[in-house]
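Shown next, in structure tokens, is the structure this report addresses.
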Amino acid sequence: MRDVEVAVIGAGQAGLSGAYHLRRAGLAPDRDFVVLDHGAGPGGAWRNRWDTLTTETVNGVHDLPGMPWTRPARPRPVNTAVPAYFAAFERAFDLRVRRPVRVRRVREGPATGRLLVETADGTWSARGLINATGTWERPFWPYYQGSRSFRGRQLHTAGYRGAAEFAGQRVVVVGGGGSAADMLVDLVPVASAVTWVTRRPLDLMPGPFDEERGRASVAVIAERVRRGHLPGSVVSATGLALPTVVAEAVEDGRIALTRSFDRVTPEGVAWDDGRSVAADAILWATGFRPSVAHLGPLDLRERGGGIRVEGTRAVADPRVHLIGYGPTASTIGANRAGRTAVRELRDHLGGFRTATPTPAGTPAAY
């Protein structure tokens, strides 16, 4: 059993932001707070992106606090460039992330007011918790009649590694979000036929994703989590920014855009009106769910299926803060949320008991 003031679960953009602000508050890593990450190395979900998604084609990489992101002079795969940036950040601020460590559960401890964070690598007792586990580990696969009968290959975004595996094949892409658009950009030049299936008509974003539109989308998702509902995707609040390559391919017929099919067949997908599309592969770009099962013993979920959150604080337990959840799931929102979570935790706990003078090389404390 190791005692800390705060445990941080997850070392993606949100977790690193939280750890950075704990340092600014005067807490020392590994003594006053601990950062636990299940990944084999730095980078969070960026490590799992495909090789052809580069620093030039990706929608955006945003700054971590205190260390701006510098785009490489030449395009590089984001699955190596962004992890390198995260690794440099961890070194610069001496965050001492422990990995790979998988958290099994978080529960009430025997000592009053403390939480037990139980892992395969031991147990930490903490006064406060910053949960920054994101969604990548929980891909959502919708149910369709006949899914198991399909003779081709089925793959979720979480397992996609590039279009080269589908060269010359007939591919059906399911989903109307940013992940679907990214895969379509990749697939159009190499697949023999591409069918894009969406549940609803595309809700396209008019104009650029500016600050005003960003605030509006955050407000929509924040209201969902305040009610205890599942957050939903960012695209559901903003609309989809359709890449030019995809828009042109839909226009000239290289991508066949259609509405959801009714069932999967051994040869492809089919509709009740008699239409069908033959496919060698079905790619499910159907999103993710928050990875919060380890918080189950704390009984935080509401009837709506989500965790009710005000700002970053779990309403059912103010010792628990969720960043990278709901309105803070975006990389921009995660940075601000890290600071908010640390401030609110400090206030709720009546100050951090083991806070020390700010270490050399660390930004000045609040």
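The values are calculated or read from the model by the stated rules, or taken from the named source; none is laboratory data. All of these numbers come straight from a predicted model, not from anything done at the bench. Neighbour counts are summed over all protein chains in view; Cβ atoms, including those assigned to glycine, are modelled from backbone coordinates with ideal geometry.
Select, from GLY274, GLY207, the only residue that is out of contact with any strand residue (DSSP E or B) (no Cβ under 9 Å at 6 or more places or on another chain) and at pLDDT 95 or above.
Step by step, each of GLY274, GLY207 is checked, and only GLY274 is out of contact with any strand residue (DSSP E or B) (no Cβ under 9 Å at 6 or more places or on another chain) and at pLDDT 95 or above.
Here is a check on your reading of the model: is TRP69 more than 29 Å from PRO297 (Cβ to Cβ) and in contact with a Lys or Arg (Cβ under 8 Å, 6 or more places away or on another chain)?
no
Quick grid of which residues meet (1) crowded, with 20+ Cβ neighbours inside 10 Å; (2) touching a helix residue (DSSP H, G or I) at 6+ places or on another chain (Cβ under 9 Å); (3) farther than 30 Å from ARG102 by Cα:
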site: TRP124; (1), (2), (3): yes, no, no
site: TYR143; (1), (2), (3): no, no, no
site: ARG153; (1), (2), (3): no, yes, no
site: VAL190; (1), (2), (3): no, yes, yes
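Is the range 248-259 home to any residue that is touching an Asp or Glu at 6+ places or on another chain (Cβ under 7 Å) and outside the structural domain of VAL8 (by TED's automatic domain parsing)?
no
Got a number for residues in the range 160-176 being of a type in the set (D, E, K, R), farther than 17 Å from ALA278 by Cβ and not in a loop (DSSP other than H, G, I, E, B)?
Keep residues of the range 160-176 that are of a type in the set (D, E, K, R), which gives 161, 165, 170.
Checking which are farther than 17 Å from ALA278 by Cβ leaves us with 161, 165.
Then drop every residue that is not not in a loop (DSSP other than H, G, I, E, B), which leaves 165.
Going through the range 160-176 one residue at a time, the tally reaches 1.
Just the residues that are small (Gly, Ala, Ser) and more than 27 Å from the chain's Cα centre (by Cα), please, taken from the range 236-283.
Residues satisfying the conditions are ALA249, GLY253, ALA256, GLY268, ALA270, GLY274, SER276, ALA278, ALA279.
Going by what's in this entry, would GLY305 be described as crowded, with 21+ Cβ neighbours inside 10 Å and in the same structural domain as ARG104 (by TED's automatic domain parsing)?
Considered against the rule, which asks whether it is crowded, with 21+ Cβ neighbours inside 10 Å and in the same structural domain as ARG104 (by TED's automatic domain parsing), GLY305 comes out as no.
Return yes when PRO290 is within 22 Å of the chain's Cα centre (by Cα), under 24 Å from GLY168 (Cα atoms), surrounded by 15 or more Cβ atoms within 10 Å (Cβ to Cβ) and at pLDDT below 95 and no when it is not.
no
From (1) in contact with a Ser or Thr (Cβ under 6 Å, 6 or more places away or on another chain); (2) modelled with pLDDT under 95, pick out the condition that doesn't hold for ASP32.
ASP32 satisfies every listed condition except (2).
Quick grid of which residues meet (1) free of Cβ contacts under 8 Å to residues at least 60 places away in the same chain; (2) surrounded by fewer than 22 Cβ atoms within 10 Å (Cβ to Cβ):
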residue: GLU248; (1), (2): yes, yes
residue: THR258; (1), (2): no, yes
residue: ASP262; (1), (2): no, yes
residue: VAL277; (1), (2): no, yes
residue: ASP280; (1), (2): no, yes
residue: LEU283; (1), (2): no, no
residue: GLY311; (1), (2): yes, yes
residue: ARG339; (1), (2): no, yes
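Could you please let me know if GLY253 is touching a strand residue (DSSP E or B) at 6+ places or on another chain (Cβ under 6 Å) and surrounded by fewer than 19 Cβ atoms within 10 Å (Cβ to Cβ)?
Considered against the rule, which asks whether it is touching a strand residue (DSSP E or B) at 6+ places or on another chain (Cβ under 6 Å) and surrounded by fewer than 19 Cβ atoms within 10 Å (Cβ to Cβ), GLY253 comes out as no.
For THR123, indicate whether it is over 21 Å from the mean Cα position of the chain (by Cα) and not assigned by TED's automatic domain parsing to the domain that holds THR265.
yes
Every residue in the range 126-162 that is within 17 Å of the chain's Cα centre (by Cα) and among the charged types (D, E, K, R), please.
GLU137, ARG138
Return the pair list, or none, for Cβ contacts closer than 7 Å from residues in the range 85-96 that are farther than 13 Å from PRO68 by Cα to residues that are among the charged types (D, E, K, R), at least 6 apart or on different chains.
Here the result reads PHE93/ARG23; ARG96/ASP30, each pair linking the range 85-96 to a residue that is among the charged types (D, E, K, R).
Among the numbered conditions (1) assigned by TED's automatic domain parsing to the domain that holds VAL315; (2) in contact with an Asp or Glu (Cβ under 8 Å, 6 or more places away or on another chain), tell me where GLN169 comes up short.
So GLN169 meets the others, but not (1).
Any residue at all in the range 168-177 that is over 21 Å from the mean Cα position of the chain (by Cα) and loosely packed, with under 15 Cβ neighbours inside 10 Å?
yes
Name the single residue that is nearest to ARG98 (Cα to Cα) among those in the range 26-65 being of a type in the set (D, E, K, R) and over 15 Å from the mean Cα position of the chain (by Cα).
That would be ASP30.
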